[in-house]
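First comes the structure, then the notes that go with it.
Each reported figure results from applying straightforward, stated rules to the coordinates on display, with no laboratory input. Since the model is a prediction, treat every value here as computed from it, not as a measurement. Ideal geometry is used to build each Cβ from the backbone, glycine not excepted, and the neighbour counts take in all protein chains shown.
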Amino acid sequence: MNNFFVRKYTIQGIFIFSAFLLLSRLFYIQLIDERYIFSANNNVLRKIIVYPSRGVILDRKGKVLVQNEPVYDVMVIPNEVADLDTNMFCESLGITKQMFLIKLQKARKNSPYKAYPFEKQISARDYASFQERLFEFKGFFVQNRSVRYYPDSIAAQFLGYIGEVTDHLIKQTGGFYRQGDYIGISGVERAYEKDLRGQRGVQNIMVDALNRPQGSFARGKYDTLAIAGEHLISSLDRDIQLLGEQLMKNKIGSIVAIEPSTGEILAFISSTAYDPNLMVGRLRGENYKKLVNDPYKPMFIRPIQAYYPPGSMFKPVEALIGLEEGVLSPTTRFSCGGGYRVGNHVVKCEHVHPPLDLLNGIAESCNPYFCATFRHIIDQPKFSSVREGYLNWRKRVSAFGIGQPLGIDLPNEKKGILPTDIYYDKIFGIGRWRSSSIISLGIGQGELSITPLQMANIMAIIANRGYYYTPHLIKAIGEKKIIKPAYNIRHEVGIRFENFIPVIEGMQQVVEHGTAYRAKIKNIIMCGKTGTVQNPHGKSHSVFAAFAPKDNPKIAIAVVIENAGYGATYAAPIASYLVEQYLTGKVTKPKGEIDWLKKINLMPALTTKKLSKKDSINLQQENKVSKITTKR
């Protein structure tokens with residue numbers, strides 16, 4: 001028994017002694033003998049993320065709208081920082097010593113052993129001088145990256161911008177993105193993120209103690225290649241986009257142009273605009289704050305988010321519904337008398353017209369004509385109630401893409417406002433409202449509000465004589481030129497072809513001899529409708545919507561300029577310049593006239609408060625029927 005215990009304790013002693021020797025040796029190797037430290041530091045394996053080139057974005061003719069340019073991120077591994085000349089380092093990067101300490105502490109807090117971005121997006125020029133001294137900065141290395149560059153500095157709201165992923169986005173995508181990755185934040189960059197982003201690669205590099213690369217590990221056997229993102233061919237026409245942005249300088253509003261036969265968007269202008277290059281580089285955060293705090297809201301995407309009463313440009317829609325319902329014919333005449341009486345109120349007309357037929361009702365933009373048309377549509381004997389008549393009218397209007405998102409390939413598109421019968425029940429009481437209660441809808445005022453994109457789409461419908469394709473900004477993806485199937489679906493609005501003929505004739509007369517005569521283009525027949533849309537928060541908005549040529553139309557366009565007054569004065573000429581530029585490749589109007597429109601400042605004056613969004617997001621008109629005067 002005693003021998004058993006002796007053997008037991010002897011064996012235990014041997015194990016304990018052996019363990020002690022091993023731990024002592026490890027302690028000596030790691031903390032005492034510097035030869036081993038030096039040996040390890042001379043053979044460091046560093047995994048370098050190889051970021052793919054993000055897909056470029058082209059205009060419809062192949063001109064570059066967005067491309068990539070190289071930048072460099074300075075990375076740090078905190079525990080490897082040693083013998084650093086802090087002053088020289090800070091001078092090389094153009095930072096203060098205080099900033100250096102803050103950044104290093106942040107990196108150490110993240111992990112003492114893992115690489116962390118110390119300074120991001122250093123330009124190629126700044127990197128050139130820093131690179132010469134990099135070997136002196138132990139613990140630091142450089143990560144190659146690329147950022148977006150916008151050669152023409154246009155289409156900021158359409159293109160959008162990219163930014164670094166947040167922890168929330170990393171979790172949301174199931175870990176596909178990692179800290180330091182970039183992702184599309186807005187615009188096309190966000191909508192087509194999966195196509196543009198590409199796929200990361202990894203490169204395993206051996207470096208010595210002085211941060212000098214010693215070649216690929218295992219001859220690159222374990223490396224993976226980065227795969228570049230797909231390029232996008234946009235529907236945008238660079239030339240008219242550039243001209244439109246120049247014409248909208250110092251103005252608030254929108255221009256949207258669509259190719260009717262495809263739904264491809266030719267121009268997408270939101271003003272005020274900004275240089276998209278401001279959202280790139282080391283000053284991006286500072287620039288972003290300035291743009292967000294700008295009282296004129298340059299980051300607000302007006303073509304798809306701003307609400308306006310359509311005003312007189314809605315009258316062709318009213319005429320088409322009246323013709324389809326059979327309450328109107330091309331020869332139907334209604335009296336004007338300078339206004340349309342509704343009880344004790346009068347919806348005024350700008351002129352006192354003799355009784356007009358449909359063509360002249362459109363050409364002269366007669367308010368009483370379309371108030372009468374609206375009442376005849378709602379109060380048809382076939383309907384058992386005003387509610388039933390209104391719901392039928394609402395369904396007809398909805399078919400034109402009003403009151404619902406059109407489905408453009410951009411995030412956060414708004415649907416506009418097409419009031420429901422329940423809404424009027426709340427306003428007037430159930431069973432207590434009549435067609436006369438909502439008569440302002442007949443002339444595009446009242447509670448009706450639409451986006452500039454919807455305005456342009458209405459013109460595309462009329463140009464096509466009864467249908468439209470979903471408006472979209474990207475016409476093809478990648479080398480295979482993939483087109484989304486949804487953009488080939490034809491949406492019918494339920495109006496017969498023959499009913500478009502008199503309406504289009506009237507719209508031609510608007511440009512040939514009517515309020516939009518300043519928009520007339522030599523050798524091109526353009527059909528359009530001006531509008532001076534009442535704005536309860538200030539001066540009226542200038543609106544013009546049109547398409548051209550009359551036969552086989554190539555372009556439909558809507559121009560909205562806030563607080564600019566008559567549609568014929570500003571919106572119509574601007575539209576004509578873009579139409580002529582697109583159809584002929586040049587503008588023949590006198591240069592002085594164009595320069596005048598480029599230079600004129602129509603910005604609303606600022607008060608001590610920020611500019612109200614109510615001009616652009618007019619969720620409910622405050623004016624009563626008695627105050628409505630929709631001008632041509």
With +1 at each Lys and Arg Cβ and -1 at each Asp and Glu Cβ, the charge dipole magnitude of the range 46-234 around its Cα centre, to the nearest 20 debye, comes out at 460
Please name which of Ala228, Ser186, Ser254 has its Cα lying farthest along the dipole of the chain towards the positive end, using unit charges on Cβ (Lys, Arg +1; Asp, Glu -1) and the Cα centre as origin.
Ser186
Roughly how many Å is it from the Cα centre of the range 385-400 to that of the range 228-246, as a whole number?
38
For the Cα atoms of the chain, what angle does the longest principal axis make with the long axis of helix 367-378, in degrees from 0 to 90, nearest 10?
80
Along the charge dipole of the chain, Cβ charges K/R +1 and D/E -1, which of Met88, Ala124, Pro452 sits furthest on the positive end?
Met88
Nearby aspartates and glutamates by direct alpha-carbon distance to Lys109 (threshold 17 angstrom, same-chain neighbours under 8 apart not counted)
Glu80, Glu119, Asp167
Lys484: which aspartates and glutamates have alpha carbons under 16 Å from its alpha carbon, excluding same-chain residues fewer than 8 sequence positions away?
Glu193, Asp195, Glu230, Glu264, Asp409
Cross-link partners among aspartates and glutamates for Lys591, C-alpha distance below 15 Å, same-chain residues fewer than 8 apart left out?
Glu580
Just add up the charged neighbours of Tyr222: K/R +1, D/E -1, any other residue whose Cβ is under 13 Å from the Cβ of Tyr222.
+3
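Over the Cα atoms of the chain, Rg to Rh with Kirkwood Rh, two decimal places? Walk me through the numbers on the way to the answer.
Details: Rg = 33.2 Å, Rh = 28.4 Å.
Radius of gyration relative to Kirkwood radius: 1.17.
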With everything on Cα atoms, drop me the angle between helix 571-584 and the longest principal axis of the chain, reported from 0 to 90° to the nearest 10.
70
Evaluate the Debye formula for the range 46-234 with equal point scatterers sitting on the alpha carbons, no solvent, and hand back log10 of I(q)/I(0) at q = 0.13 Å⁻¹, in q order, two decimals.
-0.79
Based only on other Cβ atoms within 10 Å, what is the fewest-to-most ordering of Met75, Met507, Met99?
Met99, Met75, Met507
Can you give the relative contact order of the chain as a percent, counting alpha carbon pairs under 8 Å and 6+ residues apart?
15
Give me the dipole magnitude in Debye, nearest 20, for the chain about the Cα centre, with unit charges on the beta carbon: positive for Lys and Arg, negative for Asp and Glu.
880
For the range 266-297 and the range 416-440, write down the distance between their C-alpha centroids in whole Å.
40
Given unit charges at Cβ for Lys, Arg (+) and Asp, Glu (-), the dipole magnitude of the range 275-357 about its Cα centre in debye, nearest 20, is 500
By count of other Cβ within 10 Å, fewest leading, how are Ile557, Ile14 ordered?
Ile14, Ile557
If you filter the range 355-418 for trypsin sites (Lys or Arg not before Pro), then keep DSSP loop positions with at most 13 other Cβ within 10 Å, what is left?
Lys382
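Could you list, in their original order, any pairs among Lys106/Lys249; Lys194/Lys415; Lys61/Lys251; Lys290/Lys598; Lys103/Lys290; Lys297/Lys520 whose Cα atoms are separated by more than 31 Å?
Over 31 Å apart, Cα to Cα: Lys106/Lys249; Lys297/Lys520.
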Ranked Phe314, Phe130, Phe383, Phe20, criterion: other C-beta atoms within 10 Å, fewest first
Phe20, Phe383, Phe130, Phe314
In degrees, nearest 10, the alpha-carbon axis of helix 386-398 is tilted away from the dominant principal axis of the alpha carbons of the chain by 50
What shape does the range 255-367 have by the C-alpha gyration tensor, where a ≥ b ≥ c are the square roots of the eigenvalues, rounded means a/c under 1.5, and otherwise prolate means a/b greater than b/c and oblate the rest?
prolate
